[in-house]
Structures are given as C-alpha cells and as structure tokens.
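Participant: Below you'll find the structure I mean.
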Amino acid sequence: MSNKNNSEGQNFFVFEEIVKKYERRLYSLAYRFTGSHERAEELSQEAFLKAYLALPNFRYKSQIFTWLYRIMVNLCIDESRKKKVPHVPIEEVPVSDDFDPARQETIMLVREALGKLSPVQRAYIVMHDLEGFSYREISQVFKCPLGTVMSRISAARQKLRRIIEKDYPDLMGEVSLK
C-alpha cells in the first residue's frame, strides 16, 4: 500500500470519528433551519462530504467543530436563499404521549416567524438562542469580532420581535426574546 493510500485510509477512520461526534449537532442546526427531517439529513450528508473532501487542506487554525459548523451554516444559508423554509401543516406533526397541540402550534409559528428573517439573521438566532452557542463560539464560526456578534444577535432579536408583534401577536406572551 502506498503512503498516499495509507494516508487516505487514516483520514477515513479519523473522519468517521468526527462524524460520530458531531452528526447530531449538525443535523440539529440543519433541521432548525429547514424544518424538514429529510432536508436536514441531506444537508448533513452534504456538509460532511464537503468537509471530508477538504480535510487534507484543513490547517487546524480553528477547532474542527467550528470548521464543520461553518460549512453547515453556509449550506443552510444557501438553502434558505434558494427557497423559503417550509411550513409544516399541523396534521403532519407526529403525535406522542406527551403531545401538546398548543405547544406544537407555537413551535410552528415561531419557526414560521424565524423563516421571515434573513438567512444570516436566522443563523445567529438559531446558533445562540436555540443551539446554545456562546458569543465567542459564534464569532469563531463567522470569523468576526465578539462585539459584532452581539450586535447582530441583538438586531436579529429586534427584527424577530417586530415580526412576531406584527404577524403573530398571540405569541408575544409565549415567546421570550431576551
């Protein structure tokens, strides 16, 4: 086996561990953007394929997760620009023992309101408020100063608040926009 083939084999096994470690988090981001399990799965696969192909060029100037997340954010933003986030009809929401129709409707309306933000604004809100990323982590993903991240999140929240006040006034008491 040549050194090139051996290196490719090692990359595959290293990458397999990376996929196992981060697949749920990348899928979660894609799902929050698209509202579709199927599309989130496709975007996750696309992100990992892009990362695998680019792995030999990864220079370790950032953490591997930050790099992967940036790939996924870019794919989600591109996806959002291509088409609007789909609205999932309430009859398609899976029912479980703890199913609460009012809560599910609220979730769908919030998702719809998020879909009215620009893709980049949605990315900031999803990463910080839904995925729990710190300002510092977001600044690493977007490669921008911490203050810029904070102001962009604030602006996105203000815009979301205006959207909810205008289009979904019943949600004002149910949704906290820090």
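Participant: Name, by its number, the condition in (1) touching a residue at least 40 places away in the same chain (Cβ under 8 Å); (2) crowded, with 18+ Cβ neighbours inside 10 Å that does not hold for VAL149.
Facilitator: (1)
Participant: Looking only at residues that are under 19 Å from PHE65 (Cα atoms) and either among the polar types (S, T, N, Q) or touching a His at 6+ places or on another chain (Cβ under 6 Å) (or both) in the range 11-43, which one is modelled with the highest pLDDT?
Facilitator: SER28
Participant: Here's a check for you: in the range 116-134, which residue that is among the polar types (S, T, N, Q) and part of a loop (DSSP other than H, G, I, E, B) is nearest to ARG70 (Cα to Cα)?
Facilitator: SER134
Participant: Limited to the range 28-40, what total is found for residues that are farther than 12 Å from LEU75 by Cα and in contact (Cβ under 8 Å) with a residue 12 or more places away in the chain?
Facilitator: Here the count works out to 4.
Participant: Exactly one condition in (1) more than 19 Å from the chain's Cα centre (by Cα); (2) closer than 24 Å to ILE71 by Cα; (3) surrounded by 13 or more Cβ atoms within 10 Å (Cβ to Cβ) is not met by SER139; state its number.
Facilitator: Evaluating SER139 over (1) more than 19 Å from the chain's Cα centre (by Cα); (2) closer than 24 Å to ILE71 by Cα; (3) surrounded by 13 or more Cβ atoms within 10 Å (Cβ to Cβ) leaves (1) as the failure.
Participant: While we're here: Suppose the filter is closer than 30 Å to LYS116 by Cα, exposed (fewer than 13 other Cβ atoms within 10 Å of the Cβ) and modelled with pLDDT under 80; does ARG103 pass it?
Facilitator: Yes: the conditions hold for ARG103.
The values are calculated or read from the model by the stated rules, or taken from the named source; none is laboratory data. Predicted model only: the values in this text are computed from it and were never measured. Here Cβ is always computed from backbone atoms with ideal geometry, including for glycine, and neighbour counts include all displayed protein chains.
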